[in-house]
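Below is one structure; the comments refer to it alone.
The values are calculated or read from the model by the stated rules, or taken from the named source; none is laboratory data. Being a predicted model, the structure only gives us computed values, none of them experimental. No Cβ is skipped: glycine too gets one built from the backbone with ideal geometry, and neighbour counts run over all protein chains shown. The protein model used for the area step is the full one, side chains on, heavy atoms only, and it has no ligands, DNA or RNA in it. Shrake-Rupley method; radii C 1.70, N 1.55, O 1.52, S 1.80 Å.
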Amino acid sequence: MKQAKTCTVIGSGIAGLAAAIRLQQQGFSVVVFEKNASAGGKMSELNTNGFRFDKGPTVLTKPEYVEELFELCGKRASDYWQHHPVNPIFKYFFDDGTVINSHKDQKQFAEEVATKTSASANSVFQFLKQSSTKHFLTDEVFLQRSLHKLKNYLNWSTLRGILNFAKVDVFRSMNRANSKQFSDQKVVDIFNRYASYNGSNPYLAPATLNVIAHYEITLGTYFSEGGIYRIISALQTLAQEIGVKFRFNVDVKEIVTEGNRATAIRTEDGTKDFDLIVSNTDVYNTYKHLLPTLTAPKRFIEQPRSSSVIVFYWGMNREFPQLGLHNMFLTNNSKQEYEHLFGTETLYEDPTIHLTISSKMNATDAPDGQENWVALISVPYDSGQNWDELITLSRQRVIKKLNTILKTDIEPHISFEDVLDPRKVNAETGAAFGAVFGNNSNSMFSAFLRHPNFSSKLENLFFCGGTAHPGPGIPLCLLSAKIASELIVEKYTPFG
């Protein structure tokens, strides 16, 4: 094993924080550089006018991946952070007035579907069973280890996956599989929406992605007390307690290289040498901006981009008892919506709206008698569209749809507003082209087209985060940090 002492992590998203904690705990001296004033990356928050909003992810699954970081450091996660199960998980609203609640209890969920649609309860049980099988076959093989190390294929779990490859359902699209599974389009649309969790198109993405339902429903969805951002602040506290150093408001301009090694980082304050470098920034931007003289691996960085988002952060001056923590108002034509997103790269007239109201469970997120709404729609990544016009148009469409389904007029109750669009996503989080999830997963081989957690050209450069293997989302980002850290520990040993 080679010796290395100092390590820098570029970016303090959840994967960057997790990698810093893991490596510091292993004996490396870690410094995190962050261009923004606070940690979190896409998992930031907005506090204003008495309202608190999570600006990034709002759905939490696999909280044990967060807890594991505290346990590694001999700490109790509950001393830093609390979380609770969510039930119902989602409230799905349709134009005809149908409201379907998804529940962790499979029997309750199946009965809800059977009562309110033409799909059978048994079809829900079968779907969730198949999703569980997909998880069993893919978790250890594709998510817990690097896909880019030959030795990781020489074991029983990989052989088991190969022998049961048909059950992974790579050769059908999500929509094809779900349309065959369910007799009602409403239920198809509910389960197709999981493609949006990684910015993909269910009419193209492999049915393997139906495994996401296993995480959200079978394993359970949780609420982070204090909001999703509380995870970030808790991890930052843990990192600082074990010795990780943070440099905020410092923008890394370049990764300095010499031969086949990355030797330093350059900032406005000068150049700082490190033995190891971990990039928690977008892979595309890492190569294009931080490694301008290094030939970028086209196979990984020139893949089709994921969708982006327009998000309206609304402070509402009244409460809406018919809404829950997680609400989804589905489009009247999902095929047209996705064709606009990934075909014409425009916006469909009737968007699906993901509405999160964390004040339903965390009362301090809004003043008494009021609510904090995070209304999100998927939009194409930034390819030069007139976003100011599209924001105005989207606002009109979102308000119209919510008014129609909720049978009210919400606009007079909006006392505060802020907006996130693809340009801001790029500027604030470094997501290239505002593509929130990096590359999309609209091909059967997309899992193999995520960038490895290591560089093939620079032996001491590693990658973590949503644009590296195994992909976007809180659980996968935490796994990417784990994989990158394990690769480093396997290759290097810290010295005195």
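Okay, here's what the table says:
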read-out: Distant-in-sequence amide H partners of Val32 (H built 1.01 Å from N, under 5 Å); value: Val9, Lys245, Phe246, Arg247
read-out: Potential lengthening between Asn403 and Val489 on full extension [0.36 nm per residue; Cα-Cα distance subtracted]; value: 25.5 nm
read-out: Phe445-Gln144 FRET efficiency (beta carbon distance; Förster radius 25 Å; 0.05 resolution); value: 0.80
read-out: Straight-distance crosslink candidates among lysines, where the alpha carbon sits under 19 Å from Lys129 and sequence neighbours closer than 8 are dropped; value: Lys62, Lys104, Lys107, Lys167, Lys180
read-out: Spin-label proximity, Ile242 to the range 33-56 - amide N less than 18 Å from point 7 Å beyond Cα toward beta carbon; value: 33, 40
read-out: Cross-link partners of Lys35 among lysines (Cα-Cα below 19 Å; sequence separation of 8 or more within a chain); value: Lys55, Lys245, Lys253, Lys272, Lys288, Lys424
read-out: Anisotropy class of the range 415-496 from Cα gyration tensor, a/c 1.5 cut; value: prolate
read-out: Residue-by-residue Karplus 3J(HN,Hα) for the range 92-98, coefficients 6.51, -1.76, 1.60, Hz, glycine and proline x; value: 9, 10, 10, 4, 7, x, 5
read-out: Global form of the range 1-86, assessed from the alpha-carbon gyration tensor, a/c cut-off 1.5; value: oblate
read-out: For the range 210-226, 3J(HN,Hα) per residue [Karplus equation, 6.51 cos²θ - 1.76 cosθ + 1.60, θ = phi - 60°, Hz, x = Gly/Pro]; value: 5, 4, 4, 4, 4, 5, 6, 9, 5, 7, x, 10, 10, 10, 7, 4, x
read-out: Computed FRET value (nearest 0.05) for Lys335 with Asp251, which takes r as the C-beta separation and R₀ as 35 Å; value: 0.25
read-out: Net charge of Cβ neighbours under 15 Å - reference Ser179; Lys, Arg +1; Asp, Glu -1; value: +3
read-out: Distance between modelled label sites at Met361 and Ala121, nm, 7 Å Cα→Cβ extension; value: 2.6
read-out: Gyration tensor (alpha-carbon) shape descriptor, the range 1-157, a/c threshold 1.5; value: oblate
read-out: Theoretical gain in end-to-end length, Lys2 to Thr218 [0.36 nm per residue, Cα-Cα removed]; value: 73.5 nm
read-out: Per-pair calculated FRET efficiency, R0 = 60 Å: Phe136 and Asp269 via Cβ, rounded to 0.05; value: 0.75
read-out: Under 13 Å from Lys457, Cα to Cα: aspartates and glutamates that are on another chain or at least 8 residues apart; value: Glu258
read-out: Residue-count net charge about Ala15 - beta-carbon cut-off 11 Å; Lys, Arg +1, Asp, Glu -1; value: +3
read-out: Heavy-atom surface of the chain, accessible at 1.4 Å and reported per residue (Å²); value: 40
read-out: Gap separating the Cα centres of the range 319-336 and the range 379-418, nearest whole Å; value: 14
